[in-house]
Every structure is written in structure tokens, then in C-alpha cells.
Amino acid sequence: MASVESKLMKVNIGQSIWKWNDERSLANRRRFDELGLVCVNVLASPGAGKTSVIVRLAEALRGRGQAVGVIEGDVASSIDTERLRSLGFAAEQINTDGGCHLDAAMVGGALDRLGVSGPGFVFVENIGNLICPTQFHLGERLRLVVASAPEGDDKPVKYPGVFETADAVALNKIDLLEHVDFRMDFFTAGVRTANPAAPIFPISARGGQGIEELVAWLLDASR
């Protein structure tokens, strides 16, 4: 009788899932291009201020004649989507019901419902998580990683993978720097170790500092 071990078939589940997702991601990218839209995948931990940053960027881009849509990812609720719609932006909600990341199929479905065409941008607010979303491409052209001063300066050292994949890093809540223990040089060195090329933008979504510089980068990087 054959042993149990000989009957087992090894399957690389991770590779299979990523291949399936990557195929759909490429389809999303083609769809974004057809619509004249630049997709920006926004990644951060909970509380870093992703939605507030997106609102600031969306308002500035709209003021420059760009179409803007937002795909909101949350485990539950539609609070952020309702906020964006109240400001006049097209927004679609994805609830993962416990899932720790968005995938390309979810984003593709939301894009079909969004009803936005370019020239412009679609921001995808990923689930608040610095680990799981990193491996899942959504069809984005740009990845923006948002960190915040109150979180501490060690995030690039503890979670290098997400910073390694970033096209740009925004350090939010700089208006709170004088109230928290945050070493800018240590944070910058951590980002540079993971990603020597990504620009770092100190910003405040609350006060607006640094937003114009980040918008200028988005417009330039999307050309």
C-alpha cells in the first residue's frame, strides 16, 4: 500500500493565487488605460489618514481639471465612501468581511460601477494593513504608501516590504511632530534602505502642508 506521503500532491498555493490575481490586474490596467485613468493604490496602516490624504489630493486634482474617482476598501462599513460622495466625488465601496487586502477582481468590479472616465485618477484605498496588500497588484500604475508621525518612525524598518514597493511615500500628520517622539532622519534612513528611489513627501492632510508638492509629483509621474 502506498504511503500517505506518496499520495499527497504539493501545491504552491501562494503562487497560484498571485498568478490568478496578476492576470486580473493586467486586465484592470488595460481598462484604466482605455478610460484615460491613472490608478493609485494607497496603502497604509489603520489611522494613518489615508482617506483624508485622498480627499486633499482629489480636491486639488479636481481643481486642475482632472476627473477623480475613489474605490474604498474596508473590512466593514461605508463611512469613507459616504464622506467622498458628500464632497461630490464618484466613490464605490468594497467590504471584505474580514479579508485583509483587496484583490484585482474586487477592484475590477468596483471600476465597472464607478462610472468615471479620464483624463484623471482613480484612488484605491486599500485595507489598513502594511503586510497583506503588498503582494496583490490591482492594476495600479502608482503605489503611494502613507505613514504618519504618531505611528512612530520605525515602520519602514519593521515593514520594509510595503515601502520597497512604493513609488512614493507620504509622511502624514507632520503638524503633530512637535508632540510625538519621531526621528525624521531615522524614518528617512529606513525608507531609503528599503527603497532608495521613492520620493518622501512630508504632508499634513489636516493643514494642507505638502499637498501641492505631492499633487505635482502625481501629475508628473502619470505622464
Given the structure, is ASP33 under 17 Å from ALA110 (Cα atoms), surrounded by 17 or more Cβ atoms within 10 Å (Cβ to Cβ) and modelled with pLDDT of 95 or more? no
Can you tell me which of (1) without any contact (Cβ under 8 Å) to a residue 24 or more places away in the chain; (2) under 30 Å from PRO119 (Cβ atoms) is the one THR188 doesn't meet? (2)
HIS101 vs (1) of a type outside the set (A, V, I, L, M, F, W, C); (2) under 13 Å from CYS39 (Cβ atoms); (3) in contact with a Cys (Cβ under 7 Å, 6 or more places away or on another chain): all pass except (2)
Among the residues of region 114-147, the number that are among the small types (Gly, Ala, Ser) and either surrounded by 20 or more Cβ atoms within 10 Å (Cβ to Cβ) or on the phi > 0 side of the Ramachandran plot (or both) is 4
Determine whether GLY69 is under 28 Å from TYR159 (Cα atoms) and either touching a His at 6+ places or on another chain (Cβ under 7 Å) or not charged (D, E, K, R) (or both). no
Only one of (1) surrounded by fewer than 20 Cβ atoms within 10 Å (Cβ to Cβ); (2) touching a residue at least 24 places away in the same chain (Cβ under 8 Å); (3) small (Gly, Ala, Ser); (4) not in a loop (DSSP other than H, G, I, E, B) does not apply to GLY109, and that is (2)
Any residue at all in region 55-78 that's over 20 Å from ALA170 (Cα atoms) and among the β-branched types (Val, Ile, Thr)? yes
Restricting region 90-106 to residues that are touching a residue at least 24 places away in the same chain (Cβ under 8 Å) and under 14 Å from ILE71 (Cα atoms), the residue that is surrounded by the most Cβ atoms within 10 Å (Cβ to Cβ): LEU102
Give all pairs with beta carbons closer than 6 Å in which a residue from region 45-62 that is closer than 14 Å to ALA216 by Cα meets a residue that is assigned to a loop (DSSP other than H, G, I, E, B) and aromatic (Phe, Trp, Tyr); count only pairs at least 6 apart in sequence or on separate chains. ALA58/PHE89
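Of everything in region 127-184 that's closer than 23 Å to GLY109 by Cα and charged (D, E, K, R), which residue is farthest from the chain's Cα centre (by Cα)? Explain how you work it out, then say what you get.
To start, the set of residues in region 127-184 that are closer than 23 Å to GLY109 by Cα comprises 127-129, 132-144.
From the residues that got through so far, the ones that are charged (D, E, K, R) too are 140-141, 143.
Numbers: GLU140: 9, ARG141: 11, ARG143: 6 Å.
The extreme case among them is ARG141.
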Which members of region 64-81 meet the condition of being within 23 Å of SER117 (Cβ to Cβ) and either hydroxyl-bearing (Ser, Thr, Tyr) or exposed (fewer than 14 other Cβ atoms within 10 Å of the Cβ) (or both)? ARG64, GLY65, THR81
Among the numbered criteria (1) within 21 Å of GLY139 (Cα to Cα); (2) part of a helix (DSSP H, G or I), which one does VAL38 miss? (2)
Would you call ARG113 under 15 Å from the mean Cα position of the chain (by Cα) and basic (Lys, Arg)? no
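The values are calculated or read from the model by the stated rules, or taken from the named source; none is laboratory data. A quick note: this is a predicted structure, and the numbers were derived from the prediction, not measured. So basically every Cβ, Gly included, is an ideal-geometry build from the backbone, and we count neighbours across all protein chains shown.
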